[in-house]
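Quick notes on the structure that follows.
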Amino acid sequence: MSITLLLDLDDTLIGTNMDEFIPVYFHTLGKAMADYVAPDKLMKYLMQGTEAMIQNDTPAETLQEVFSANFYPHLGVERDILDPIIADFYRNIFPTLAYLTKARPEAVEFVEWAFSAGHRIAISTNPLFPQAAIYNRLRWAGLDPEKYPFEMISSFETFHFTKPSPAYFAEILGRMGWQDDPVLIVGDDPVRDLLGAEELGIAAYWIADEDATLPEGRKMPLGRGNIGELRGWIESFDEKMLLPNYQAQTAIVATVKAIPAALGEILANLPANAWTESSHPEEWSLVEIISHLRDVEREVNLPRIQTFSRDENPFITADDTDMWVSERGYAADNGETALREFIAARLETLDALKKLSDADWQRAGRHAIFGPITLQEQMAFMAEHDRVHLRQIFRIARKEVSHG
């Protein structure tokens, strides 16, 4: 059985003393840009932009967009002047910082074994850096992205959330098609890696010594050891134990946030005809699926949240929304417009969820098919509905890209 492996980078695949690396990195960047921006001013707004990325909680903006809005306007220099300087820094100067890291040959051995065993690998490094910086760090680890077929490498250009938000890990799974396979997060940080895994309902392997301890009250991950021991642990472990459980409130909210973010990237830059093509008469096209998600969001999901919040033990109808595809002529919709409208509707749903208390999530209702149901259970169905259609969209979009 294939396992989806989400591998952290720093102090997992490569030895990095971040307390040493970050100051040198910032100093070197400041020196490279000193003719245009005073180093203290640059540092101030680098930190402001980074903090804005960490705090970002919306699928409507990428981390790069969030960073740029909090960085460039304050520097007093046009962005088109600074961008070539920054690009040159990552191309020619950043690679010289390799001496601050230490390669782990056992990590390379593990990755090569995992690929040979048919497992899927994503590099789940915190996407606070541009792709150029992350690719360089992978090369320092001996894991050249040009050589190894990683399915996903998170960076700030296309990601919307950061660690430890469970929405970050949900976004990775979404971008990979969110298959039903077992999933394992591998990382060293008890908060950024383990807490995110726990809140999404995913198994974790902690890169830590035997004497390492977690904060009081925290759940111990399934596995612990160094990267060289991970292969043996996986081979001796029942893979069914790695099947995720997305029923917790934190997992549901993470899914609701991550799905529109993932869809926006999966469907970016598709040719116009890809939206309407279908390989089988009974299979919906991309525009039909997105239009379906949009109207379900507007007319089913959000109203049900409002009904649970407003009414005592409400009756929840079973709506046959599949009929809307033909009745409403979704095939004639514009795909990119439908996607924007779905994301806008999802943002309204997220606003509604923010207003709920923990008690609200347990409010009871009566479903026409499932009988007694809580709002949390209803939201879990909604999240699974999202995942089902995302898998469908991912499969179609990947086929269209490969044919293109």
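The values are calculated or read from the model by the stated rules, or taken from the named source; none is laboratory data. Owing to the predicted nature of the structure, the values given are computational and were not obtained by experimental measurement. Note: ideal-geometry Cβ built from the backbone for every residue, glycine included; neighbour counts use all protein chains shown.
At-a-glance table
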quantity: Boolean, Asp211 is of a type outside the set (S, T, N, Q), over 27 Å from Glu384 (Cβ atoms) and part of a loop (DSSP other than H, G, I, E, B); calculated: yes
quantity: Leading residue by the ranking (surrounded by the most Cβ atoms within 10 Å (Cβ to Cβ)) among those in segment 249-276 that are part of a loop (DSSP other than H, G, I, E, B) and among the hydrophobic types (A, V, I, L, M, F, W, C); calculated: Leu267
quantity: Residue among Arg137, Arg175 that is in contact (Cβ under 8 Å) with a residue 40 or more places away in the chain, touching a strand residue (DSSP E or B) at 6+ places or on another chain (Cβ under 6 Å) and surrounded by 22 or more Cβ atoms within 10 Å (Cβ to Cβ); calculated: Arg175
quantity: Odd one out for Arg387, checked against (1) under 20 Å from the mean Cα position of the chain (by Cα); (2) surrounded by fewer than 18 Cβ atoms within 10 Å (Cβ to Cβ); (3) basic (Lys, Arg); (4) at pLDDT 95 or above; calculated: (2)
quantity: Yes/no for Glu112 being in contact (Cβ under 8 Å) with a residue 60 or more places away in the chain and surrounded by fewer than 17 Cβ atoms within 10 Å (Cβ to Cβ); calculated: no
quantity: Check on Glu229, at pLDDT 95 or above, more than 14 Å from the chain's Cα centre (by Cα), surrounded by fewer than 17 Cβ atoms within 10 Å (Cβ to Cβ) and among the acidic types (Asp, Glu); calculated: yes
quantity: Filtered residue count, segment 311-354, keeping only those that are closer than 25 Å to His160 by Cα and either surrounded by 13 or more Cβ atoms within 10 Å (Cβ to Cβ) or in contact (Cβ under 8 Å) with a residue 24 or more places away in the chain (or both); calculated: 19
quantity: For His160: the one exception among (1) assigned to a strand (DSSP E or B); (2) in contact with a Pro (Cβ under 9 Å, 6 or more places away or on another chain); calculated: (1)
quantity: Within segment 173-183, tally of residues that are within 8 Å of the chain's Cα centre (by Cα) and more than 17 Å from Leu242 (Cα to Cα); calculated: 2
quantity: Qualifying position, being among the small types (Gly, Ala, Ser) and touching a Pro at 6+ places or on another chain (Cβ under 9 Å), among Ala69, Ala52, Ala38, Ala60; calculated: Ala60
quantity: Tabulated pairs, segment 24-48, first of a type in the set (Val, Ile, Thr), second outside any loop (DSSP other than H, G, I, E, B), C-beta under 7 angstrom, 6+ apart or interchain; calculated: Val24/Leu97; Val24/Leu100; Thr28/Ile93; Thr28/Leu97
quantity: Residues being free of Cβ contacts under 8 Å to residues at least 40 places away in the same chain and buried (at least 16 other Cβ atoms within 10 Å of the Cβ) - total across segment 49-64; calculated: 2
quantity: Options Thr16, Thr62, Thr50: the member that is β-branched (Val, Ile, Thr) and closer than 30 Å to Glu109 by Cα; calculated: Thr16
quantity: Out of Ser285, Ser279, sole residue that is of a type in the set (Ser, Thr, Tyr) and surrounded by 17 or more Cβ atoms within 10 Å (Cβ to Cβ); calculated: Ser285
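Quick grid of which residues meet (1) in contact (Cβ under 8 Å) with a residue 60 or more places away in the chain; (2) β-branched (Val, Ile, Thr):
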residue: Ala203; (1), (2): no, no
residue: Gly223; (1), (2): no, no
residue: Gly228; (1), (2): yes, no
residue: Glu235; (1), (2): no, no
residue: Tyr246; (1), (2): yes, no
residue: Val253; (1), (2): yes, yes
